[in-house]
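The values are calculated or read from the model by the stated rules, or taken from the named source; none is laboratory data. In this text the structure is predicted, and so the values were computed from the model without any measurement. Positions of Cβ are generated from backbone atoms using ideal geometry, with glycine treated the same way; all protein chains shown enter the neighbour counts.
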Amino acid sequence: MEQLSDEIVGYLLNLIEIPSYKYPEGPNKAMEYINVTLAKEDVNTSLFESGGLKNLVVEVGQGSQRVVINTHLDVVPESEKSRCKGTVKDGKVYGRGSADAKAAAAVMVSLIIKLLKNESILTKKAIFEFVSDEEVSGENGTGALVSKYPADWCIFGEPMDGNRICYGSKAIFSQKLTFHGIPGHGSRPWEGKNAILCAAKFITNLTSQELFDYETLGKEATTVTPSIIRGGTKINQIPELCELKVDVRRPATVSEEEILVAFEKSMKDIDCEILRETTSRVPPVYTDPNSELVQTLVKETEKVVGEKPELYIATGSSDAVFYAPTGVQVVEFGPRGKNWHGPEEYVEIQGLLDWYQIIHNLLTT
Ligand SMILES: [Zn+2]
């Protein structure tokens, strides 16, 4: 176990050193590192380039059930307290990308080498995907691989904040509203229609709709966050126009229609002409918590970690959005860590070993 731990941590430290937030050379260099490391062990890899970015795939085993294990090598920019310089302390590996998502990459390298030496123990076909652009769009990474590598099960090695498995993520359904009032002199508000006041009333109406009451419904509810507002041009003029953008996140269980009904209700009795348009739409990801993939992972995790994992829906999305529409069972599930995208990002070394064992068990039983 100690040898395996040293091996995985070694790969991880080398990966963290590569500043893979500079596209395309950063992720490409990290991809080259994986390629060279695997080539030294006589592993056959397939390299795919899309939009100047490299992606790497390794297939192991022959089973009819196809399991994609995917991670990304790009990271968000380093900061003073999360540098592209790995350090080991108190059973944790620190550094930018240590958790998100070079942790899974380091474990995957060890797994590939181990499994290829004893390929006959695999009961499923494993497809290991390393991609370059999850933090920006995913289109030249997972987006470019999905049609080449169909799957039955799909595991995205995103870091987990504790003993958890993510079986879905919310959809994005962002809206823009334009309020048209009637201008007039600021000293005589009764003579015009104030577009800013119309927007203010709308915001109050919208955020008090039951559908968006996450305090009662929980964090898995649909959320509306007014995030950008622009209106008015002069201090002494009643504003004619006000533009409002609302970030909307819905779980797969709430439809776009239900959300639009709540928007319409919030627009009622507002004394301005209002135009509404959808500005951004990303589909939700949802795999039944009782599906075979989730239940197998729950069972294997409980065996390895000693406790049942918590199942949850993520508020943000990942590359899983590319595989979800193909009808696969898909989860986000990677090694345990904390503070990704923030200061003092780290992964637990025991989390790396547990994830190794769980994925190993999943592929061989
Ligand atoms: Zn990530």
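Please go through region 158-169 and pick out each residue that is within 21 Å of PRO283 (Cα to Cα) and not charged (D, E, K, R). Of everything in region 158-169, those that are within 21 Å of PRO283 (Cα to Cα) and not charged (D, E, K, R) turn out to be ILE165, CYS166, TYR167, GLY168, SER169.
The set of residues in region 108-138 being among the charged types (D, E, K, R) and in contact with a strand residue (DSSP E or B) (Cβ under 8 Å, 6 or more places away or on another chain) consists of GLU119, LYS124, LYS125, GLU129, ASP133, GLU134, GLU135. Region 248-365 holds strands (runs of 3 or more DSSP E) entirely within its bounds, and those carrying 3 or more residues that are among the charged types (D, E, K, R) and at pLDDT 95 or above map to 273-282. Residue check, ALA30 against (1) within 17 Å of ASN118 (Cα to Cα); (2) within 16 Å of the ligand (Cβ to nearest atom); (3) among the hydrophobic types (A, V, I, L, M, F, W, C), all met but one. Which one? That leaves (1) as the condition not met. Assess whether ILE172 counts as being under 27 Å from VAL285 (Cα atoms) and within 16 Å of the ligand (Cβ to nearest atom). Spelling it out, it is not the case that ILE172 is under 27 Å from VAL285 (Cα atoms) and within 16 Å of the ligand (Cβ to nearest atom). Residue pairs whose Cβ atoms lie under 6 Å apart, sitting 6 or more positions apart in sequence or on different chains, and linking a residue in region 64-82 that is closer than 23 Å to LYS29 by Cα and small (Gly, Ala, Ser) to a partner that is more than 14 Å from the ligand (Cβ to nearest atom) and outside any strand (DSSP E or B), are SER82/PRO343. No other residue among THR45, THR37 is surrounded by 14 or more Cβ atoms within 10 Å (Cβ to Cβ) and free of Cβ contacts under 8 Å to residues at least 24 places away in the same chain apart from THR45.
Scanning region 212-241 for residues that are surrounded by 18 or more Cβ atoms within 10 Å (Cβ to Cβ) and within 39 Å of the chain's Cα centre (by Cα) returns PHE212, ALA221, THR222, THR223, VAL224, GLY231. Residue pairs whose Cβ atoms lie under 9 Å apart, separated by 6 or more positions or on different chains, with the first residue in region 141-168 and closer than 19 Å to GLY51 by Cα and the second of a type in the set (Lys, Arg) and away from the ligand (no atom under 16 Å from the Cβ), are TYR149/ARG66. Working only within region 195-210, note down all residues that are in contact with a strand residue (DSSP E or B) (Cβ under 9 Å, 6 or more places away or on another chain), over 14 Å from HIS180 (Cα atoms) and part of a helix (DSSP H, G or I). ILE203, LEU206, THR207, listed by residue number.
Taking LEU47 as the residue in question, decide whether it is in contact with a Ser or Thr (Cβ under 6 Å, 6 or more places away or on another chain) and not in a loop (DSSP other than H, G, I, E, B). Walk me through it before giving the result.
Numbers: in contact with a Ser or Thr (Cβ under 6 Å, 6 or more places away or on another chain): no; not in a loop (DSSP other than H, G, I, E, B): yes.
Against the criterion (in contact with a Ser or Thr (Cβ under 6 Å, 6 or more places away or on another chain) and not in a loop (DSSP other than H, G, I, E, B)), LEU47 does not qualify.
Checked against (1) in contact with a helix residue (DSSP H, G or I) (Cβ under 8 Å, 6 or more places away or on another chain); (2) closer than 24 Å to LYS124 by Cα; (3) modelled with pLDDT under 95, MET1 passes all but a single condition, namely (2).
Inclusion of LYS193 among residues that are surrounded by 16 or more Cβ atoms within 10 Å (Cβ to Cβ) and basic (Lys, Arg) is warranted. Looking across region 165-220, the residues that are among the aromatic types (Phe, Trp, Tyr) and within 17 Å of GLY231 (Cβ to Cβ) come down to PHE179, PHE202. The condition (being without any contact (Cβ under 8 Å) to a residue 12 or more places away in the chain and more than 16 Å from the ligand (Cβ to nearest atom)) is satisfied by just one residue among VAL328, VAL261, VAL304: VAL261.
A residue that is at pLDDT 95 or above and over 27 Å from PHE322 (Cβ atoms) cannot be found anywhere in region 132-142.
Here is a yes/no grid of residues against (1) within 14 Å of LEU111 (Cα to Cα); (2) in contact with a Leu (Cβ under 8 Å, 6 or more places away or on another chain):
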site: LYS22; (1), (2): no, no
site: PRO27; (1), (2): no, yes
site: LYS40; (1), (2): no, no
site: LEU47; (1), (2): no, yes
site: GLY52; (1), (2): no, no
site: VAL58; (1), (2): yes, yes
site: SER64; (1), (2): no, no
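You will find that of GLY157, GLY162, GLY181, the residue that is in the same structural domain as ASP100 (by TED's automatic domain parsing) and either within 16 Å of the ligand (Cβ to nearest atom) or surrounded by 18 or more Cβ atoms within 10 Å (Cβ to Cβ) (or both) is GLY157 and no other.
Residue count for region 108-140, restricted to those that are away from the ligand (no atom under 16 Å from the Cβ), of a type outside the set (Lys, Arg) and without any contact (Cβ under 8 Å) to a residue 12 or more places away in the chain: 2.
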